[in-house]
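Here the structure comes first, spelled out in structure tokens, and everything after it is commentary.
The values are calculated or read from the model by the stated rules, or taken from the named source; none is laboratory data. It should be emphasised that the depicted structure is a prediction, and the values quoted were computed from it without experimental measurement. So basically every Cβ, Gly included, is an ideal-geometry build from the backbone, and we count neighbours across all protein chains shown. The accessibility values were calculated without ligands, DNA or RNA, using every heavy atom of the protein model including side chains. Shrake-Rupley method; radii C 1.70, N 1.55, O 1.52, S 1.80 Å.
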Amino acid sequence: MAAIYRSAVGRPLDLPLHLIVRRPDGQVFLDTIPKGSDDDAIAVAVKLPLATQAGNWSVRLATGSTSYPQWQHYYFGLHGEVFTAPVQEPTLPETDATGLTQVPIDLKKIPDSTRFLEANVAVSINESSGAR
């Protein structure tokens with residue numbers, strides 16, 4: 001698993017990332033804080049056992065829950081505000097000959113809310129040939 005995280009203008013972001021890999025049954029297979037490289041990329045080798053469970057595995061990259069430790073006992077936003085997060089389903093391009101692809105995520109349309117916002121990105125990959 002590899003990722004590069006940059007701002008909209010291509011600058012490196014100073015974000016602590018948390019990597020969680022879950023089995024198809026939802027159980028945590030790997031939970032780690034990956035070390036970033038000088039170019040703010042992360043790469044984590046995820047070695048699956050020979051008797052790997054079939055189904056959709058999930059990979060989640062999240063930022064640390066204490067992004068604002070000085071405000072940990074405060075709540076932000078209007079008390080009665082109801083917020084429904086928009087869902088995007090981008091078209092997933094085919095992988096290239098080396099198995100790589102890029103998933104376009106558009107975060108330009110920020111929802112109107114008085115609360116802190118976060119983006120949750122879930123990508124499902126189905127490799128049906130049985131190759132590992």
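Between residue 110 and residue 62, how many nm apart are label points set 7 Å from Cα along the C-beta direction?
Going by the 7 Å Cα→Cβ label model, 2.2 nm.
Leaving ligands, DNA and RNA out of it, work out the accessible area of residue 25 with a 1.4 Å probe and give it in Å² to the nearest 10.
Residue 25 exposes around 90 Å² with every protein chain in place.
Leaving ligands, DNA and RNA out of it, rank 71, 57 by accessible area with a 1.4 Å probe, largest first.
Ranked list, largest accessible area first: 71, 57.
Using a simple spin-label model with points 7 Å from Cα along the Cα→Cβ vector, what separation in nm is obtained for residue 82 and residue 35?
Simple spin-label model gives 4.9 nm for this pair.
Taking the full set of protein chains and a 1.4 angstrom probe, give the accessible area of residue 124 in square angstrom, rounded to the nearest 10.
About 80 Å², ignoring ligands and nucleic acids.
Can you pull the accessible area of residue 48 for me, 1.4 Å probe, Å² to the nearest 10?
70
Quick one: accessible area per residue over segment 1-57, 1.4 Å probe, rounded to a whole number of Å²? The partial results should precede the final answer.
Values: 4100 Å² over 57 residues.
Roughly 72 Å² per residue, with all protein chains present.
What ranking of 29, 83 comes out by heavy-atom accessible area, probe 1.4 Å, highest first?
Order by accessible area, largest first: 83, 29.
Grab the Cα-Cα distance for residue 91 and residue 1, subtract it from 0.36 nm times how many residues apart they are, and report the gain in nm with one decimal.
My answer for the length gained is 30.4 nm.
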